[in-house]
Structure formats: structure tokens, C-alpha cells
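Asks: Provided herewith is a single structure, encoded as C-alpha cells, for subsequent inquiry.
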Amino acid sequence: MELFDVTIVGGGPAGLYSTFYSGLRNLKTKIIEVQPVLGGKVNVYPEKVVWDVGGLPPVQAQVFAQNLINQAMIFMPTVYVNTKVEQIEKQGDIFAISTNSGDVHYSKTIIVAVGGGILNPIKLEVDEAEKYELTNLHYTILGMQRFRNKRVLISGGGNGAIDWAVELLRTAREVIVVYRNEQLTAHEAQVEKLNQHRVPILLNAEIQSFVSGTDDTVIEQVIISQNGETYQFEVDDVLISHGYNREKSLTFADSIEPKRKDDYYLVSQGQCATSVPGIFGAGDIITYDDKVGLLVGTFQDAVLAVNKAKMFIDPQADQYAMVSSHNEKFNEMNKEILEEVFTGGNK
Ligand SMILES: Cc1cc2nc3c(=O)[nH]c(=O)nc-3n(C[C@H](O)[C@H](O)[C@H](O)COP(=O)(O)OP(=O)(O)OC[C@H]3O[C@@H](n4cnc5c(N)ncnc54)[C@H](O)[C@@H]3O)c2cc1C
């Protein structure tokens, strides 16, 4: 049995930064992620530009995710992907973490960083919709180029849908928004951008069916119903942004008390601590007063959670890590980086 100091469940921004910080604090670290790739929710918006992380120039989300992964790997943690944590139980002083592959991982502490859980897009309930998923019916956008000069119909009126509509204005020939409610619920400023570009927005409207062309798997027309009338739109692509269902797969065994009724959450106890000594939380999964559910919030949580884990294992430990400029761990790497700066890469 290999025992780790810290096991981080979830490889999104909170889990990745926890991994880095845990290494910085000399903790033997493991990270477990259910998806085949690390990065968490940031992988849902790879081409979006992220502006609101301090000290970082505006950066495409996919580059940002890769930077986070690179940083997390600096202290060579043990990494499991394609691995779903199913249950956590207490065995004496340590935790046993069971996964879908049947393996059990052992750890002195755990940082739960599962964000919104395992997210699956809410699918469209229209006859035979699945058959178009391999061609021009999308639930997320992995690259803008595909939509260059295309006519794209978007179904949805929340932040996700409207953010995509605004992004698509840069590449698509035409964007049409269809939403079943009376009013869009997205941020006003984004809606205003659509209005400025005179994007047709059909409210009280929903997709009723699709009409394929000669290729039976390609949508050529979308039939929309609105206030008892039906309308037909020629399209190149259809994007459905109706939100996500959260798979509540992670449970806590009876050896772990107290937990909330739905068996998914531990009772939170202020910032990043849970009611269970040795289990901490970071990122979107945890709540506390004035919690910031953004990337910057995940970093603060990660630092707090790791520091608490460190002090749980060693109550005499410093409360937080030495600042990076004084940290001996970076001495060698600093030399390389500075040499590169001074020589402009020409050694
Ligand atoms: C469209 C969109 C745009 C956004 N834009 C911005 C922005 O511009 N700026 C900003 O600051 N924030 C933005 N955010 C918010 C930001 O992405 C989140 O705050 C951040 O991703 C939360 O990180 P997290 O690590 O807590 O959770 P997540 O990113 O959700 O990561 C959690 C990870 O845990 C994994 N997981 C879940 N359950 C298990 C399990 N049982 N076993 C193993 N792994 C599991 C999941 O697969 C996932 O990879 C945006 C969010 C969205 C949806």
C-alpha cells in the first residue's frame, strides 16, 4: 500500500493549483481526474480569452489550461486520468479512496476539488437528434474556425449560450438565437452586443425538429415553434447550450460523518475546511461567505486547502509556503530561466 500525504480529487484549476502548491510544500501528492485530460471546466471554453487572472496578459483558455498543467507537474505528482473517484472512506487514521477501475488509493489527507461534479451537457429532446451529433449539431465549441462564414443557430438564453453567440460574431456569417423563455438570462452587456449586431433573437421559441439534406446525418433546416406558429431556418450548424447535468457520483462512506443528506457534499466549516478532519475542499465545489466562484478564487482556495492539509499532517509546520523568490526549490530552475532572459535564448 502506497500512502500519499495529499490526494486531490478533480483536475480542474483548483485541483491543478493545489497539486502545484502541495509539491511546493513537500507533500507527497496525487491527483485523480475522471476525464482523459486535465483542465476541468476550462476545457469547455478552449478558445475563449481569459482576462481576469491577476498578472496574466489576456490568454486563450486552452493555453491557460496548459500553463496550469505544466505548473502542476513541476514537483512530479502522481497523476491518474480517466479515473472516477466513487467513494471515500476512513480506515483508522487514513482515507481509502475507491475508484471506478476498482483500485483503492490511500492518503493522509484529501482535497476535494470536483467543481461542478462530472458535467454532461443537457441533450436536446428532439427525434433522432443524436444522429446529427457527428456532423453539425454541437453541444460545445472546440474551435472557432469550423464556423467561419457559417450560419449558426444557437438554442439557449443563459450566459453559456449568449457568450458563444458573441464569440461567434467574429467568425460566423450569421448567428440566430432561439430561447424558450420570455427573456434572456445572460449578462446584459453581452446581450447588448448581440443587439448592436442586430442578431435575430427569437424568444418563447424552441426547436421542434430538423430537416436533413441528401446526407441524412446533416441538418439543413431547423423547424422552430414560436407562440403556436412554426418557422423554418436554413442553417450550416446548430449549437445547443442548455446547461449541464451534474453527475453526483462521489459519495462518502458511513465512516465519514457528518455529511449532507444527498451524500455528495461534506458540511463545510468556513474557508476550505470540511466537517471531517483531514478532508478539505477547493474551487467551485465549496461554499463559504463571500466565496469567489472564478479562477482567481480557486487559487486562493487551493493555497488554503493545502496549508490546512500540511498543518493537519504536521501541526508544527509553517502556516504557508515561503514566497517563491526565497524558496530553495526554485534555485536551479531560476538559474535556467534567468540565463534564458539574459542571453535572449542565445547561449
Ligand atoms: C463558459 C465558462 C466561461 C468561464 N470563464 C471564466 C473566466 O473568463 N474567468 C474566470 O475567472 N472564470 C471563468 N469561468 C469559471 C471557471 O472556469 C471556474 O470557476 C473554474 O473552472 C472552477 O475550477 P474547479 O477546479 O473548482 O472546477 P472544475 O473546473 O469544474 O474542475 C473540476 C474537475 O473535477 C473533475 N471531477 C468531478 N468529479 C470527479 C470525480 N468523482 N472523480 C474524479 N474527478 C472528478 C471534473 O471532471 C473536473 O475536471 C468560466 C466558466 C464557464 C463554464
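Asks: Could you work out [θ]222 nm for the chain from helices alone, using -39500 (n - 2.57) per DSSP H run of at least four and dividing by all its residues? Round to the nearest 500 deg cm²/dmol.
Replies: Working: 6 runs with 75 residues, N = 347.
-7000 deg cm²/dmol, from helical runs alone.
Asks: Further question on the same structure: In µm²/s, what is D for the range 123-242 at 4 °C and 1.567 mPa s, where D = kT/(6 pi eta Rh) by Stokes-Einstein and Rh is the Kirkwood radius from Cα pairs?
Replies: On the way: Rh = 14.2 Å.
D = 91 µm²/s.
Asks: Here's a follow-up. Under 10 Å, Cα contacts only: if you run a Gaussian network model on the chain, which one of Asn327, Asn100, Asn136 comes out with the highest mean-square fluctuation?
Replies: Per the Cα network of the chain with a 10 Å cutoff, Asn327 tops the list.
Asks: Tilt of helix 295-313 relative to the longest C-alpha principal axis of the chain, in degrees (0 to 90, nearest 10)?
Replies: 30
Asks: For the residues His187, His138, what sequence is obtained by ranking on other C-beta atoms within 10 Å, fewest first?
Replies: Numbers: His187 14, His138 20.
Listed from fewest to most nearby Cβ atoms, that is His187, His138.
Asks: Next up: For each pair in Lys84/Lys123; Lys131/Lys291; Lys30/Lys131; Lys108/Lys329; Lys131/Lys259; Lys48/Lys84, compute the distance between the two Cα atoms and list the pairs where it is over 30 Å.
Replies: Numbers: Lys84/Lys123 22 Å; Lys131/Lys291 41 Å; Lys30/Lys131 39 Å; Lys108/Lys329 23 Å; Lys131/Lys259 41 Å; Lys48/Lys84 27 Å.
Where the Cα-Cα span goes over 30 Å, the pairs concerned are Lys131/Lys291; Lys30/Lys131; Lys131/Lys259.
Asks: Between the range 1-64 and the range 70-129, how far is it from one alpha carbon centroid to the other, in angstrom?
Replies: 13
Asks: Right, next: Quick one: what are the phi-derived ³J(HN,Hα) couplings along the range 40-56, Karplus 6.51/-1.76/1.60 with θ = phi - 60°, whole Hz, x for glycine and proline?
Replies: x, 4, 4, 5, 7, 10, x, 9, 5, 9, 9, 10, 10, 10, x, x, 10
Asks: Here's something else I'd like to know. Please give the per residue volume of the convex hull enclosing the alpha carbon atoms of the chain, rounded to a whole number of Å³. Walk me through the intermediate numbers first.
Replies: Details: hull volume 65.4 nm³, N = 347.
It is 189 Å³ per residue.
Asks: With a/c under 1.5 counting as rounded, go ahead and sort the range 208-347 into rounded, prolate or oblate using the C-alpha gyration tensor (a ≥ b ≥ c being the square roots of the eigenvalues; past the cut-off, prolate if a/b is larger than b/c, else oblate). Can you show the working numbers first?
Replies: Numbers: a/c = 3.65, a/b = 1.52, b/c = 2.41.
It comes out oblate by the Cα gyration axes.
Read the figures in this text as sums done on the coordinates, not as results from a lab. Please read all numbers here as calculations on a predicted model, not as lab measurements. Here Cβ is always computed from backbone atoms with ideal geometry, including for glycine, and neighbour counts include all displayed protein chains.
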